[in-house]
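Down below is the structure, laid out as structure tokens.
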Amino acid sequence: MNDELSVLIVDDDKSNRQVLKECISGMAQVLLAKNGAQAIEKSMSLLPDLIVLDIVMPDMDGFSVIETLRNRSQTQHIPIIFITGSDSEEVEMKGLKLGAVDVLSKPLHPGVVQARIYTQLQNVFQKRLLDALVHIDALTTIANRRQFDEVLEREWKNSLSLGTPLSLVILDVDYFKDYNDCYGHQAGDTVLKKIALSLKHGLEHTHGFIARIGGEEFAMILPNTPVEFAVEIVENAIKQVSDLQIAHQGSGCSSVITLSAGIHSMVAKNTSDNARAALELADRALFKAKESGRNQVVVADSVCLPA
Ligand SMILES: Nc1nc2c(ncn2[C@@H]2O[C@H](COP(=O)(O)OP(=O)(O)OP(=O)(O)O)[C@@H](O)[C@H]2O)c(=O)[nH]1
């Protein structure tokens, strides 16, 4: 199917591991574990997309492995296929109740093994695709608001625990309504795509993150970036957009498409509620940039820091 997917085979029997490896190697990257302890260690460190797990193993059996994995947040969503030599309904039910997605019976028949594993890998692949689509803005193909909120929460926590500065930026296209009125909505869409690409390109050599968070509104998260560097990054980014030289006859501030931006930089404090308050300050700074004539960057006033 796809080399990017990985399957962890857990079996104490070498010949079973070999049969399973041969079944899977054309569809996914194969990882191997000989016992329960190795299975847990490799699942935690390598986060495989699927685990094929033997039930009967010395020291730690498959049931204990699945219980451990289900109790850890990093591994609890990894689908697990059980392998059993028993034809007891009770054993099968126990595996399924613990959360196994399928059960394979020994002796292993390669055709059946391949078909069952293929189905599970397809599910993983489709889930991944869906997950990517849910986080991407359809017009510009950069991150969308949902992804922005998730990254903001993560970076807020990082700033909080590491004490590093975090800069938040909101950027808005100037006189965009007039652009649409003048050149048409479709041309407006093309401009948004070009701006998104340019902003993304501008952040390529930084740890910055860019998303389209509204119609003609974009936002950046700049981790470990104090205000003076944030200003430099944003000024460069908006210069790159004006350098695209997209004619805008209806603009009240330039002959080409321009952006205004508001920045708020801080070291995170308290909960993620304050992340929203910090974003609000970047938005207010953007409002000031608009009021002051647009096509410029304004840094939020430190006197209006959230309490
Ligand atoms: N083409 C296009 N236009 C959009 C999209 N989303 C929002 N818009 C338009 O963006 C315009 C935003 O207008 P306003 O909020 O008045 O802002 P503005 O005209 O840019 O004025 P300032 O922000 O004050 O400089 C509206 O006309 C929306 O229809 C989109 O996906 N495609």
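How many residues, within the stretch 1-54, are hydroxyl-bearing (Ser, Thr, Tyr) and modelled with pLDDT under 95?
Of the residues in the stretch 1-54, 2 are hydroxyl-bearing (Ser, Thr, Tyr) and modelled with pLDDT under 95.
Inspect the stretch 221-230 for any residue being within 16 Å of the ligand (Cβ to nearest atom) and more than 12 Å from residue 143 (Cα to Cα) and give the result as yes or no.
Within the stretch 221-230 (the criterion being within 16 Å of the ligand (Cβ to nearest atom) and more than 12 Å from residue 143 (Cα to Cα)), the answer is no, since none of the residues qualifies.
Which residues, taken from the stretch 60-77, are closer than 17 Å to residue 46 by Cα and either touching a Cys at 6+ places or on another chain (Cβ under 9 Å) or crowded, with 17+ Cβ neighbours inside 10 Å (or both)?
The answer is 65, 66, 68, 69, 75.
For residues that are more than 13 Å from residue 261 (Cβ to Cβ) and of a type in the set (Val, Ile, Thr), tally how many sit in the stretch 192-212.
Qualifying residue count, the stretch 192-212: 1.
Mind checking whether some residue in the stretch 120-132 is within 11 Å of the ligand (Cβ to nearest atom) and surrounded by 13 or more Cβ atoms within 10 Å (Cβ to Cβ)?
Scanning the stretch 120-132 turns up no residue that is within 11 Å of the ligand (Cβ to nearest atom) and surrounded by 13 or more Cβ atoms within 10 Å (Cβ to Cβ).
In the stretch 238-254, is there at least one residue being surrounded by 18 or more Cβ atoms within 10 Å (Cβ to Cβ), at pLDDT 95 or above and more than 16 Å from the ligand (Cβ to nearest atom)?
no
Being away from the ligand (no atom under 16 Å from the Cβ), of a type outside the set (Phe, Trp, Tyr) and either more than 17 Å from the chain's Cα centre (by Cα) or surrounded by fewer than 16 Cβ atoms within 10 Å (Cβ to Cβ) (or both): is that true of residue 217 here?
No, not satisfied.
From 234, 299, grab the single residue that is closer than 24 Å to residue 178 by Cβ and away from the ligand (no atom under 12 Å from the Cβ). Break it down stepwise before answering.
Numbers: 299 fails: closer than 24 Å to residue 178 by Cβ.
Criteria check complete, one pass: 234.
Condition first: hydroxyl-bearing (Ser, Thr, Tyr) and either farther than 17 Å from residue 149 by Cα or not assigned by TED's automatic domain parsing to the domain that holds residue 170 (or both). Now tell me which residues in the stretch 269-298 satisfy that.
Result: 292, single match.
Could you list, in sequence order, all residues of the stretch 218-244 that are assigned to a loop (DSSP other than H, G, I, E, B) and among the aromatic types (Phe, Trp, Tyr)?
Of everything in the stretch 218-244, nothing turns out to be assigned to a loop (DSSP other than H, G, I, E, B) and among the aromatic types (Phe, Trp, Tyr).
Consider only pairs whose beta carbons are under 6 Å apart and that are at least six residues apart or on different chains; among these, list those whose first residue lies in the stretch 174-191 and is aliphatic (A, V, I, L, M) and whose second residue is within 8 Å of the ligand (Cβ to nearest atom).
Close Cβ pairs (under 6 Å, with a partner that is within 8 Å of the ligand (Cβ to nearest atom)) do not exist here.
Quick grid of which residues meet (1) of a type in the set (D, E, K, R); (2) modelled with pLDDT of 95 or more:
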residue: 133; (1), (2): no, no
residue: 136; (1), (2): no, yes
residue: 151; (1), (2): no, yes
residue: 172; (1), (2): yes, yes
residue: 208; (1), (2): no, yes
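Yes/no matrix, rows are residues, columns are (1) part of a helix (DSSP H, G or I); (2) farther than 26 Å from residue 36 by Cα; (3) within 28 Å of the chain's Cα centre (by Cα):
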site	(1), (2), (3)
72	no, no, yes
75	no, no, yes
82	no, no, no
100	no, no, yes
115	yes, no, no
129	yes, yes, yes
140	no, yes, yes
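Report the residue count in the stretch 166-209 for those that are more than 8 Å from the ligand (Cβ to nearest atom), surrounded by 23 or more Cβ atoms within 10 Å (Cβ to Cβ) and within 15 Å of residue 240 (Cα to Cα).
3
Could you check, for the stretch 155-163, whether at least one of its residues is near the ligand (Cβ under 9 Å from one of its atoms) and in contact with a strand residue (DSSP E or B) (Cβ under 9 Å, 6 or more places away or on another chain)? Talk me through it step by step, then tell me what you get.
Quick first cut of the stretch 155-163, residues near the ligand (Cβ under 9 Å from one of its atoms) only: none.
The answer is no; no qualifying residue exists.
Output yes when any residue across the stretch 145-156 is part of a strand (DSSP E or B) and under 18 Å from the mean Cα position of the chain (by Cα), and no when none is.
Within the stretch 145-156, not a single residue is part of a strand (DSSP E or B) and under 18 Å from the mean Cα position of the chain (by Cα).
The values are calculated or read from the model by the stated rules, or taken from the named source; none is laboratory data. None of these values were measured; they are calculated from a predicted model. Every residue, glycine as well, gets a Cβ built from its backbone with ideal geometry; the counts of neighbours run over all protein chains shown.
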